[in-house]
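Values in this text are rule-based calculations from the coordinates and carry no lab data. Every value quoted in this text rests on a predicted model; they were computed, and no experiment measured them. Cβ placement follows ideal geometry from the backbone for every residue including glycine, while neighbour counts extend to all protein chains displayed.
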Number of protein chains: 2
Amino acid sequence: MPDDPWQPPRILLAVDLVILTLRDARLHVLLVERGIDPFLGALALPGGFLRDEHEDLEAAARRELLEEAGLSDVHLESLAVYGEPGRDPRGRVVAVAYLAIAPRMPEPVAGTDAADASWTPVDDALAPGAKLAFDHRRIVIDGVERARVKLERTALATAFCAESFTISELQQVYEAVWGVRLDPRNFYRKVQGARGFIVADGPMRKTPNGRPARLFRAGPVHVLNPPMTRP
Amino acid sequence: MPDDPWQPPRILLAVDLVILTLRDARLHVLLVERGIDPFLGALALPGGFLRDEHEDLEAAARRELLEEAGLSDVHLESLAVYGEPGRDPRGRVVAVAYLAIAPRMPEPVAGTDAADASWTPVDDALAPGAKLAFDHRRIVIDGVERARVKLERTALATAFCAESFTISELQQVYEAVWGVRLDPRNFYRKVQGARGFIVADGPMRKTPNGRPARLFRAGPVHVLNPPMTRP
DNA sequence: AAAATAGTGTCTATAAGACACTATCAT
DNA sequence: ATGATAGTGTCTTATAGACACTATTTT
């Protein structure tokens, strides 16, 4: 607590986004190629500085989400703070990271502000050779880990799906995020046993090939009971 | 990303601490009575502004921990960010909250910088009538919830204990943080079954009354396998 | 028909909880 | 002795995982 006259430290606040989605049954993260000086040309998480001192942090995250990814109405939660003094060569930048979960997108990224944004498989983004700007590798790791943990006890998995989805689509989410294979029959019963997790969505059906599957949508419950157990 | 000349927003960074400990088998949080203007006289979490733009966030948290609570060498982890524009009447203050776990303290708080600090039962601090400064009520709730969750899969509970502890002392931690009663016999076997969680600490013993108990200390493992399951 | 996916039933190994019982201390 | 806490054994029930089986589609 400052009792004496005191110079406020010059600190910049940034918002960075870990936006996850499923493509081809693999977990992807949205990365942009940096167009300005520090780490120019390198891959980085979408994000930017707080516009002014009246802007809310989550509002800034939603603004970047729309500007850089063309996304709105997606799941968004705060992830962590990254404030190590040396993390940005431009000065003291404290980044507030947010985790966003986008449903299966038809288009990679529309012709938005940053058309250089691209969905990258998380495995590639975190591969030993891959280089991300700043400490964004750590932020991606933390974001994926958060998603993994929340899949166990919350209905977060439905945020990866369209409004209507089949149980096997939901299973693909768990398999991709956890990086495991699950038995479809046990998964089916497990998901049905978590009351309020998913509810039937009309008697409609779908047809890739094989028997048509029942459609569901996210239920009212967000805390799973019993939880989905990770193998 | 700012491509044009741009006025950096004037934002203050604060560090707030949720320091938890066990006293009389109840979970307590350290609160201080505010001595300056906003919320003067109200109870608040210990904390303060970042000293200068070169200070690391966790270093600032450790500094406040020592200055306001006289604590060092305790478990400390970052908790969350609280940055709502209206949360501090003095201006835009973004608070980075940290969660600290202190072992059973002999003295409440030594004659430190803030002798007005006091351990308060969490139930009292969060009681309907209780008023905490700023959004500190929410921060306490989040800190306690973090502790509850981490007790399940990590060895965090040992951070509440002295270097040597008995299994029933460890059980008190779980009971106080989770707010439940556990069967001592099942707890005993459960804890022993989580390999690496606790290791025997010499053939010594202790004597409150009843049969002397074996002493243990924290083991090398920090991720519990199998996890402790919350009833 | 075969191949593929959806959905159900059932068995087994394991883990969680209840609780009887023994052990070792203070008084 | 009694009361108290430590520690062990065992039984019952719930759950996770394996997997046989049926159902409904496309080719």
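Looking only at residues in the stretch B:208-227 that are within 11 Å of DNA strand C (Cβ to nearest atom) and within 14 Å of chain A (Cβ to nearest Cβ), the one that is surrounded by the most Cβ atoms within 10 Å (Cβ to Cβ) is B:Leu224.
Selection within the stretch A:193-203: residues that are over 22 Å from the mean Cα position of the chain (by Cα) and touching a residue at least 12 places away in the same chain (Cβ under 8 Å). The member of this set that is nearest to A:Val122 (Cα to Cα) is A:Ala194. Go through the residues of the stretch B:133-153 one by one and say whether even a single one is closer than 20 Å to B:Val223 by Cβ and among the small types (Gly, Ala, Ser). Yes - at least one qualifying residue is present in the stretch B:133-153. Looking across the stretch A:64-89, the residues that are among the aliphatic types (A, V, I, L, M) and either more than 9 Å from chain B (Cβ to nearest Cβ) or within 15 Å of A:Leu12 (Cβ to Cβ) (or both) come down to A:Leu65, A:Leu66, A:Ala69, A:Leu71, A:Val74, A:Leu76, A:Leu79, A:Val81. Scoring B:Arg34 on the criteria (1) buried (at least 22 other Cβ atoms within 10 Å of the Cβ); (2) out of contact with any Asp or Glu (no Cβ under 6 Å at 6 or more places or on another chain) leaves a single failure, condition (1). Residue check: B:Val199 meets all listed conditions (1) over 30 Å from B:Glu33 (Cβ atoms); (2) surrounded by 15 or more Cβ atoms within 10 Å (Cβ to Cβ); (3) away from DNA strand C (no atom under 16 Å from the Cβ); (4) among the hydrophobic types (A, V, I, L, M, F, W, C) but one, namely (2).
Remark: pairs (first residue in the stretch B:207-222, without any contact (Cβ under 8 Å) to a residue 40 or more places away in the chain; second residue loosely packed, with under 14 Cβ neighbours inside 10 Å and assigned to a loop (DSSP other than H, G, I, E, B); Cβ separation under 8 Å; 6+ apart in sequence or on different chains) = B:Pro212/B:Arg205; B:Pro212/B:Lys206.
Within the stretch A:86-99, being crowded, with 17+ Cβ neighbours inside 10 Å and not in a strand (DSSP E or B) holds for A:Asp88, A:Arg92. When you look at A:Glu152, is it in contact (Cβ under 8 Å) with a residue 40 or more places away in the chain and within 28 Å of A:Glu58 (Cβ to Cβ), yes or no? It is true that A:Glu152 is in contact (Cβ under 8 Å) with a residue 40 or more places away in the chain and within 28 Å of A:Glu58 (Cβ to Cβ).
Listed here are the residues, each with its yes/no results for (1) hydrophobic (A, V, I, L, M, F, W, C); (2) touching a Gly at 6+ places or on another chain (Cβ under 7 Å); (3) near DNA strand D (Cβ under 10 Å from one of its atoms).
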site	(1), (2), (3)
B:Gln172	no, no, yes
B:Val177	yes, no, no
B:Val180	yes, no, no
B:Gly193	no, no, no
B:Asn209	no, no, yes
B:Ala213	yes, no, yes
B:Pro220	no, yes, no
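Only one entry in A:Arg205, A:Arg230, A:Arg138 is farther than 16 Å from A:Leu22 by Cβ, within 10 Å of DNA strand D (Cβ to nearest atom) and within 14 Å of another protein chain (Cβ to nearest Cβ), namely A:Arg230.
Do we have any residue at all in the stretch A:172-194 that's within 20 Å of A:Val29 (Cβ to Cβ), within 11 Å of DNA strand C (Cβ to nearest atom) and not aromatic (Phe, Trp, Tyr)? Yes, that holds for at least one residue. Contact annotation: residue pairs with Cβ atoms under 6 Å, 6 or more positions apart or on different chains, pairing a residue in the stretch B:43-63 that is more than 7 Å from every other protein chain (Cβ to nearest Cβ) and farther than 17 Å from B:His75 by Cα with a partner that is in a loop (DSSP other than H, G, I, E, B) and among the charged types (D, E, K, R), are B:Ala44/B:Arg34.
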